[in-house]
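Peer 1: Here it is, the structure in full.
What follows draws every value from the coordinates through simple rules; no lab data is involved. It should be emphasised that the depicted structure is a prediction, and the values quoted were computed from it without experimental measurement. No Cβ is skipped: glycine too gets one built from the backbone with ideal geometry, and neighbour counts run over all protein chains shown.
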Amino acid sequence: MAKLSPIKVVSALPGTNCRECGEETCMAFAVKLIDHQVDINDCKPLVSEKKYAKKLKALKEIATPPIRKVVIGTGDRKMIVGDEEVMYRHELTYYNPSPICIEVADDDLDEVAKVTKYVNDYELYRIGANYYLDGVAIRCRSNDAKTFAAAVKKAKEITDMPLILCSTNPEILRAGAMVVKDKNPLLYAATRDNWEKVGKLALELNCPVAVYSSDLSELKSLATSLHEAGVEQIVLDPGCYYGSGNVADTIGAHLQLKRAAIEKDDKLVGFPTMGVTATAFIGKDKNMSEGERIAAAYEEGKMACLLMCNACNLLIMHTMDNWFQLAMVVVRENVYSDPRVNPSVDAKLYEVGSPDQDSPVFITTNYTMTYFTVRSDLQDLRLNAWLLVIDTEGISVESAVAGGQMVASKVAEAIKETGVLDKVNHRIVIIPGLAARISGELEELADLKVVVGPRDSSGIEKLMKGYDKDSLMKDYQAMKA
Ligand code: SF4
């Protein structure tokens with residue numbers, strides 16, 4: 001798909017520069033729309049005034065990405081699924097990290113409560129960011145509408161996160177959906193046997209629906225039928241199968257759908273895909289041994305990582321172990337970080353602990369991984385220190401020194417601008433070992449004593465054992481004399 005141009009988008013906007021969208025001009029809105037920072041609906045005149053109906057239709061046509069956007073749930077924690085433009089991340093970027101949901105069977109309310117609470121409360125802090133799980137999938141095992149509705153009600157009482165309601169029986173789906181009809185649940189799933197009834201329910205409640213078939217032609221045909229019936233929000237599930245050859249087939253099915261939508265512009269499959277990796281536990285005894293459980297979880301983890309890496313847009317998992325979620329959210333973060341932007345923190349002077357005038361001054365780069373690693377090593381040592389972070393455009397020390405983003409003059413300027421040496425009673429700074437080559441020039445430009453630190457911040461502990469401020473200041477005085 002050719003990249004949209006702002007000129008083309010502007011031609012389908014009202015062009016009044018009325019600022020109702022919060023932007024100064026329609027052109028500014030167009031640029032943000034292309035970068036997925038605003039939504040068509042944010043242009044109120046366009047969507048509400050009849051005279052713009054043709055423009056709205058035209059804009060929808062040109063601005064709808066090959067993988068359409070599907071919204072599940074409501075409020076701050078709603079899931080945005082799909083809305084993607086490229087096969088491979090490096091071609092542009094992926095926009096919406098695949099939500100991770102955990103499934104639970106409906107016939108054990110205590111388990112429903114436990115899983116829902118786990119998902120609701122899950123929070124992982126890693127390298128300066130918090131990561132969360134996204135939703136709960138309630139699977140009908142009871143084959144009973146009342147039991148299913150009670151399970152959905154229990155989950156609703158605990159969380160306002162998105163829910164996925166799983167049954168192929170339309171009446172059971174309806175019973176659950178009525179409990180959360182104002183919460184925009186995902187109905188899972190429409191199949192060749194029930195699609196008309198499930199489609200009607202989706203239209204009645206105006207909620208998204210997942211379509212399942214392991215036969216890609218049938219999947220496409222079902223999605224087309226639902227779409228023609230008026231269902232706009234569709235997610236495709238081509239199945240998730242384990243065992244020899246099946247894993248490759250599963251990944252292949254996702255890739256075929258994606259390739260058809262993005263590279264062949266086949267709008268009939270232009271919907272996000274989902275993978276139910278929880279199928280790794282199908283047929284397993286509820287009372288299986290811990291060894292068997294871990295083995296199944298490992299299989300599930302491999303499949304989930306493969307699907308995440310191939311940009312499957314939504315995952316329903318079973319395993320609820322912390323080691324598993326940790327791997328999943330880290331893989332997701334890596335796949336969905338924007339390749340156009342180096343991960344960076346603000347370049348400024350940071351306090352670690354409660355530094356005072358005697359505290360050491362460390363210098364590092366603003367590459368996220370470098371900053372948080374250095375900071376965490378300093379914190380682990382319970383050091384009170386000043387940490388001066390240089391703007392290296394989000395590039396790590398070695399590359400920044402080689403590429404000119406971390407040169408002596410820039411570091412000297414940052415020292416001056418932040419006034420870090422006014423906060424201490426010495427003129428000593430510690431630079432990373434990988435920046436040793438700038439030490440001499442920095443000493444001259446900034447009039448200070450440079451200590452070349454370890455190549456890796458894990459060596460700071462050893463360095464600090466030999467760090468003697470008074471003796472280093474004597475060296476500084478001698479250097480000046
Ligand atoms: S609200 Fe619509 S018409 Fe008004 S400035 Fe924004 S994009 Fe243009």
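Peer 1: What number comes out for the charge environment of Lys348, summing +1 per Lys or Arg and -1 per Asp or Glu over other residues with Cβ under 10 Å away?
Peer 2: Values: positive: none; negative: Asp346, Asp391, Glu417.
Charge balance near Lys348 sits at -3.
Peer 1: List the relative contact order of segment 128-197 as a percent without decimals, with contacts defined as Cα pairs under 8 Å and 6+ residues apart.
Peer 2: Details: 87 pairs, mean separation 23.1, N = 70.
Relative contact order of segment 128-197: 33 percent.
Peer 1: Pull up the DSSP beta bridges for segment 346-481 and report the antiparallel fraction as a percent, rounded to 5. Don't skip to the end; give the middle numbers.
Peer 2: Numbers: 4 of 14 bridges.
Around 30 percent antiparallel, to the nearest 5.
Peer 1: Applying 1/(1 + (r/R0)^6) with R0 = 25 Å to the Cβ-Cβ distance of Asp475 and Glu398, what FRET efficiency is obtained, to the nearest 0.05? Present the calculation step by step, with values, prior to reporting the outcome.
Peer 2: On the way: r = 27 Å, r/R0 = 1.06.
It comes out at approximately 0.40.
Peer 1: Round to a whole angstrom and tell me the spacing of the C-alpha centers of segment 213-243 and segment 84-107.
Peer 2: 17 Å
Peer 1: Using only DSSP helix segments of four residues or longer, with each worth -39500 (n - 2.57), what per-residue ellipticity at 222 nm results for the chain after dividing by its residue count and rounding to 500? List each step's numbers first, then the result.
Peer 2: On the way: 18 runs with 200 residues, N = 481.
Roughly -12500 deg cm²/dmol at 222 nm, from the helical runs in the chain.
Peer 1: Give me the orientation-averaged projected area of the Cα convex hull of segment 1-43, in nm², one decimal. Could the numbers behind the result be given before it?
Peer 2: Details: hull surface 11.3 nm².
The number I arrive at for segment 1-43 is 2.8 nm².
Peer 1: Where q = 0.13 Å⁻¹, what log10 of I(q)/I(0) comes from the Debye formula for segment 242-370, counting one point per Cα?
Peer 2: Log-scaled intensity ratios, in q order: -0.72.
Peer 1: By the scheme Lys and Arg +1, Asp and Glu -1, what is the net charge of all other residues having a beta-carbon under 12 Å from that of Tyr242? Please list the in-between numbers first.
Peer 2: Values: positive: Lys284, Lys302; negative: Asp249, Glu299, Glu300.
Cβ neighbours under 12 Å give a net charge of -1.
Peer 1: Among the GluC sites (Glu not before Pro) within segment 15-96, which fall in a DSSP loop and have no more than 13 other Cβ atoms within 10 Å of their own Cβ?
Peer 2: Numbers: sites: Glu20, Glu23, Glu24, Glu49, Glu61, Glu84, Glu85, Glu91; in loops: Glu20, Glu23, Glu24, Glu49, Glu85.
Those satisfying the criteria are Glu24, Glu49.
Peer 1: Rounded to the nearest 0.05, what FRET efficiency do Lys267 and Asn334 have when you use their Cβ-Cβ distance and R0 = 41 Å?
Peer 2: The formula returns an efficiency of 0.85 here.
Peer 1: Compute the longest continuous run of the chain that contains no exposed trypsin sites (Lys or Arg not before Pro); treat a site as exposed when its DSSP state is not H, G, I, E or B and it has at most 13 other Cβ atoms within 10 Å.
Peer 2: Values: sites that count: Lys3, Arg19, Lys264, Lys284, Lys286, Arg340, Arg382.
Of all site-free stretches, the longest is 20-263.
Peer 1: I'd like the distance separating the alpha-carbon centroids of segment 436-481 and segment 144-160, in whole Å.
Peer 2: Their Cα centres are 63 Å away from one another.
Peer 1: Also, I was wondering about something else. Let me know the volume per residue of the alpha-carbon convex hull for the chain, in Å³.
Peer 2: On the way: hull volume 89.8 nm³, N = 481.
Here the figure is 187 Å³ per residue.
Peer 1: Within a Cβ distance under 12 Å of Glu443, other residues only, what is the Lys/Arg minus Asp/Glu net charge? All intermediate terms of the calculation are to be shown ahead of the outcome.
Peer 2: Numbers: positive: Arg427, Lys449, Lys480; negative: Glu441, Glu444, Asp447, Asp475.
Taking every Cβ under 12 Å from that of Glu443, the sum is -1.
Peer 1: Percent relative contact order of the chain, based on C-alpha pairs within less than 8 angstrom and at least six residues apart? Kindly include the intermediate steps, with their values, before the conclusion.
Peer 2: Values: 896 pairs, mean separation 50.9, N = 481.
In percent, rounded to a whole number, it is 11.
Peer 1: In segment 78-133, which chymotrypsin sites (Phe, Trp or Tyr not before Pro) fall in coil by DSSP and have 14 or fewer other Cβ atoms within 10 Å? Before the final figure, lay out the partial values.
Peer 2: Values: sites: Tyr88, Tyr94, Tyr95, Tyr118, Tyr122, Tyr125, Tyr131, Tyr132; in loops: Tyr88, Tyr94, Tyr95, Tyr122, Tyr132.
Filter output for segment 78-133: Tyr88.
Peer 1: Send over the per residue convex hull volume for segment 241-313, Cα only, as a whole number of Å³.
Peer 2: Values: hull volume 6.3 nm³, N = 73.
Per residue, the Cα convex hull of segment 241-313 comes to 86 Å³.
Peer 1: Among Phe324, Phe271, Phe29, what is the fewest-to-most ranking by other Cβ atoms within 10 Å? Present the calculation step by step, with values, prior to reporting the outcome.
Peer 2: Details: Phe324 18, Phe271 30, Phe29 27.
Ascending number of Cβ neighbours within 10 Å: Phe324, Phe29, Phe271.
Peer 1: Using only the alpha carbons, work out the radius of gyration and Dmax of segment 67-336 in angstrom.
Peer 2: 17.2, 48
Peer 1: Then there's this: Please give the length that would be gained between Lys284 and Leu92 if that part of the chain were fully extended, namely 0.36 nm times their separation in residues minus their C-alpha to C-alpha distance (nm, one decimal).
Peer 2: Numbers: separation 192, 0.36 × 192 = 69.12 nm, distance 4.14 nm.
My answer for the length gained is 65.0 nm.
Peer 1: Arrange the following residues from fewest to most other Cβ atoms within 10 Å of their Cβ: Tyr241, Tyr188. Walk me through the numbers on the way to the answer.
Peer 2: Numbers: Tyr241 17, Tyr188 27.
Result, fewest neighbours first: Tyr241, Tyr188.
Peer 1: May I ask which residue of Thr74, Val276, Val198 lies farthest towards the positive end of the charge dipole of segment 67-336, with charges of +1 (Lys, Arg) and -1 (Asp, Glu) on Cβ and the Cα centre as origin?
Peer 2: Result: Thr74, furthest along the dipole toward the positive end.
Peer 1: For the pair Phe372 and Glu196, what calculated FRET efficiency results from E = 1/(1 + (r/R0)^6), where r is the Cβ-Cβ distance and R0 = 60 Å, to the nearest 0.05? Walk me through the intermediate numbers first.
Peer 2: Details: r = 53 Å, r/R0 = 0.88.
So, using R0 = 60 Å, E works out to roughly 0.70.
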